[in-house]
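Only one structure is covered here, and it is reproduced in the block below.
The values are calculated or read from the model by the stated rules, or taken from the named source; none is laboratory data. Computed from a prediction, not measured in an experiment: that's the story for all the values here. Backbone-built Cβ (ideal geometry, glycine too); neighbour counts: all protein chains shown. Remember, those area values only see protein heavy atoms, side chains included, never the ligands or the DNA or RNA. Shrake-Rupley method; radii C 1.70, N 1.55, O 1.52, S 1.80 Å.
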Amino acid sequence: MSLVFDIALCALILGVAAMALLGRGLFASLAFFIVYGLLIALAWLSLNAIDVALAEAAIGAGVTGVLLIGAWQALNAQSALDPDPVAHWITRVFAGLGCLAIGGLLALAILAMPGGTGLTTEVIDTQGQLDLGNSVTAVLLGFRAYDTLLESIVLLAALVAVWSLTPQGLWGGIPGPRHRTRPDGVMASFGRLLPPAGLIAGVYLVWAGSDAPGGAFQAGTVLAAAWILAVLAGLQDEPEVTSPLLRAALLIGPALFLLVGAVGAGFGGFLAYPEGFEKPVILAIEYALALSIAATLALLVAGPPRRPGGAR
Amino acid sequence: MDDVFLLAALGILVSIAGALFRAWRGPTRADRMMSAQLIGTGGVGVAILLAAGRDAPAMLDVALVFALLAAFAALAFVKTATPDGAGDPEADDTEAQDREPAP
Amino acid sequence: MTLIEILASACLAVGVFFFFAGTVGLLRFPDVHSRLHALTKADNLGLAFIVLGAGIHFGDVMIAAKLALVWFLAVFAAGAAAQLVARAALRTGDEP
Amino acid sequence: MLAVIIAKRAALFALAWLILTGAAPGGLVVGAAAVIAATAVSLKLLPPSPRQAKVWALIALIPGFLWRSVLGGADVAWRALHPKLPIHPGWIDYPVTLQDGTARAMFGAQTSLLPGTLSAGLEGATMRIHCLEVSDRTRDELARGEARVARALSQQPESGENGTDG
């Protein structure tokens, strides 16, 4: 039965991917892409990769939809939507060849992977030293911390890149449009009631991450979604990009991670956690990273500053 | 017994496939968004059924995240009903609402 | 099969039936707002029976409470999304 | 007055935390911080209204709400599966007397889950309601539903400022 379910899910995913590509216009493709993200989360769940499923569910449901629909709206407002977006045949042939090459390389990489259980047994044997029940968190912050540190910095660099698109004269301004809502309408009421629940759920996910599926990235995404909702509902404006509090929130995760890494250099190597204190240090990094990821994702969705700040 | 849950999950996948037809046909953008919404509710159901069928209560957290964020895409879609994408179709005069909500 | 299993299976069957009915409504109803009825009501009822079936299977108070919380959030989202999309559809009308 | 509201909201968030964590003792410290933060956010986003929610009256609404949403689902499933597709859609404009936005949104959400009705939000103080079958009974049913919400959220003008029994 399990196999039948998996086959049906795969068929559905391929079907949705095809519909997203063949699309009847950009908005239809976009709706299919949102559905695609949802089904991919279910696929990870069925593969028992709950951590990945959580991340995909949060990103797919909470951030991607808002981002893509916002982009569609912006293109539509500028009448920049091509009614018949069929590219020249040469472009299409080259795009097809490129996709084929990447797909082929990926297939080769998978075929070349060694069989067996990979590093699973090594991880399970050694994760006890970190006192973490969740192998994924143990790998991400224990055995592969260097990668995770760089990932958190990449996210920040992406935000810097978005901010570098700020129009002349608007630096220090506020990202995104000012959202207006009827204060006693459905949209505002939804935005008043849901963010506190999102906050509880986000903190729960980072708390759960030490011993069960969850973690900083999943939690950060849920927190970002709660933030984005309050902004969309017109209840809370985005901060100015020069706000010191915002900068602190963006930096605290990667900064703490780097600091711990630098201190570790004195104990036996960059990112070596102090012996006996591995768990509390890792948890502190997780909570700080969740906050930074939340702020970074929320502001990535908002985009570059578009309005002058209130202070000037 | 576990197979019963997976069979039910399969049943929901079939409903999802049906909803895809509406997303494909439209005709309006609201129809496409509704189909995505229906598939979101179905996703909550499938996640719960997998949690029960595989006896993994931790999978319920995925259902929780789906349910918590289920209305987000719909909310973003509703924003497109106003010309600049920043208003609220329920506001009678969107310009007059351009202020902080009353405390 | 024990009585518990029969009860859980019956709940699942009813739940899947309502998901199915919701999809049929989404496909058959003639206008956007009628289709929204099918989606909002039938699917959440289907989810309620799925939650009930899973709750009976787990037989644990804490898990049952979590399932109830998930269902409550889904209903809350559906209630808000239905009103929002219904309103937006009034504005955007028949635009494709 | 404010303290009661804060206590009610904090208790609600604490309950949610305990349900999520399965009341694990290791999560109580983090949970307390999360509850404080959530309560602060909720006070900022939803400033307390002079018309308070009556917690027990809200809980007492749940069984009736569940039963009516079962009826709503069954009704729409029957209409969808019936070979003749028995629906005659139409609109009702229903003047709402509820004062708070959250109460109106809650009434709209409840209406959308009941048999045959779907709220499309407010136009001024009038709720636009889409019906699968327009009939006189629908208006009565809407008025009863509104009265239930009004009682639980102290929205009746005569109950005024003292609905704090929660």
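Quick notes
- Interface area, D with B, accessible, probe 1.4 Å, both sides summed, Å² nearest 100: 400
- Segment D:THR126-D:TRP67, length gained on full extension (0.36 nm per residue, minus Cα span): 18.6 nm
- Taking Cα centre as origin and charging only the Cβ of basic (Lys, Arg, +1) and acidic (Asp, Glu, -1) residues, the dipole magnitude of chain D rounds to 300 debye.
- Inter-chain neighbour count for A:256-268: the average number of beta-carbon atoms from partner chains within 10 Å of each residue's beta-carbon is 0.
- Per-residue [θ]222 nm for chain A (sum of -39500 (n - 2.57) over DSSP H runs n ≥ 4, rounded to 500): -22000 deg cm²/dmol
- Stokes-Einstein diffusion for region A:163-269 at 37 °C, viscosity 0.692 mPa s, with a Kirkwood radius from C-alpha pairs, works out to 200 µm²/s.
- Taking chain D as a Gaussian network of alpha-carbon nodes connected by springs under 10 Å, the highest mean-square fluctuation of the residues D:GLY72, D:GLY145, D:GLY27 belongs to D:GLY27.
- Highest average packing first - C:20-30, A:203-213, Cβ atoms within 10 Å: A:203-213, C:20-30
- Going by accessible surface with a 1.4 Å probe and the largest first, B:THR82, D:THR102 read D:THR102, B:THR82.
- Simple spin-label estimate for C:ILE6 and A:LEU170 in nanometres, 7 Å along Cα-Cβ: 6.7
- Taking 0.36 nm per residue of separation and subtracting the current Cα-Cα distance, fully stretching the chain between A:GLN129 and A:LYS279 would add 53.1 nm.
- Buried surface between chains A and B: roughly 5600 Å² of accessible area, summed over both sides, computed with a 1.4 Å probe on protein heavy atoms only.
- Averaged over the residues of peptide A:33-45, the number of Cβ atoms from other protein chains lying within 10 Å of each residue's Cβ is 6.
- Summarising the amide proton neighbourhood of D:GLU123: residues at separation of 5 or more, or on other chains, whose placed amide H is nearer than 5 Å comprise D:ARG128.
- As a calculated quantity, the FRET efficiency between A:GLU151 and A:ALA101 at R0 = 35 Å, using C-beta atoms, amounts to about 0.85.
- Of all complete DSSP H helices in chain D, those with a Cα span along the helix axis of 20 Å or greater and a mean Kyte-Doolittle hydropathy of 0.5 or more are D:2-21, D:28-45, D:55-81.
- Largest to smallest accessible area among C:ARG87, D:ARG139 [probe 1.4 Å]: D:ARG139, C:ARG87
- Within the accessible area of region D:55-159 (1.4 Å probe), percent carbon and sulfur: 63
- Interface residues of region D:76-93, defined as those losing at least 30 Å² of solvent-accessible heavy-atom surface relative to the isolated chain (probe radius 1.4 Å), are listed as D:VAL76, D:ALA77, D:ALA80, D:LEU81, D:LEU85, D:ILE87, D:TRP91.
- A:CYS10 accessible area, 1.4 Å probe, all protein chains in place, Å² to nearest 10: 80
- Principal axis box of chain A, alpha-carbon based, largest edge first, Å: 59, 54, 38
- Pairs of lysines in the protein assembly as shown (C-alpha under 29 Å apart; 8 or more residues apart or interchain): 12
- Using a Förster distance of 56 Å, the FRET efficiency for A:SER79-A:CYS10 (Cβ separation, nearest 0.05): 0.90
- Dipole orientation for the protein assembly as shown: of the candidates A:VAL136, B:PRO27, D:ILE87, D:ILE87 has the Cα lying most toward the positive pole (charges on Cβ; Lys, Arg +1; Asp, Glu -1).
- Legend: P(r) of chain C from all alpha carbon pair distances, 10 Å bins from 0, whole percents, reading 16, 37, 28, 14, 5, 0.
- Region A:118-312 - percent of accessible surface contributed by carbon and sulfur, probe 1.4 Å: 69
- Entry comment: accessible area of region A:118-312 is 40 Å² per residue, from protein heavy atoms only and a probe of 1.4 Å.
- Taking a Cβ cut-off of under 13 Å around A:LEU140, the surrounding Lys, Arg, Asp and Glu residues balance to a net charge of -3, with basic ones at +1 and acidic ones at -1.
- If R0 is taken as 60 Å, the Cβ-Cβ distance between A:THR121 and A:HIS88 corresponds to a FRET efficiency of 0.70.
- When each of the peptides B:42-51, A:143-152, C:61-70 is scored by the mean number of other C-beta atoms lying within 10 Å of its residues, the order from highest to lowest reads B:42-51, C:61-70, A:143-152.
- With the biggest extent put first, the Cα atoms of region B:2-79 measure 40, 24, 8 Å across the principal axes.
- Separation of alpha-carbon centers, region D:93-159 and region C:24-96, rounded to whole Å: 19
- For the protein assembly as shown, convex hull of alpha carbons as volume per residue, Å³: 179
- For region A:41-53, putting each phi into the Karplus relation 6.51 cos²θ - 1.76 cosθ + 1.60 with θ = phi - 60° gives couplings of 4, 5, 5, 4, 4, 5, 7, 6, 9, 5, 4, 5, 4 Hz, in residue order, rounded to whole numbers and with x for Gly and Pro.
- Entry comment: accessible area of region C:3-91 is 31 Å² per residue, from protein heavy atoms only and a probe of 1.4 Å.
- Using only the C-alpha atoms, the convex hull of region A:10-126 corresponds to 144 Å³ per residue.
- Averaged over D:98-108, number of beta-carbon atoms from partner chains that fall within 10 Å: 5
- With all protein chains in place and a 1.4 Å probe, the accessible surface of region B:2-79 carries 66 percent carbon and sulfur.
- When all alpha carbon pairs of chain D are counted in 5 Å bins from zero, the resulting P(r) reads 1, 8, 14, 16, 16, 14, 12, 9, 6, 3, 1, 0 %.
- Buried solvent-accessible surface, both chains (A, C), 1.4 Å probe, Å² to nearest 100: 600
- Charge dipole (the protein assembly as shown, unit charges on Cβ, about Cα centre) - positive-most of A:GLY266, A:VAL16, C:ALA89: C:ALA89
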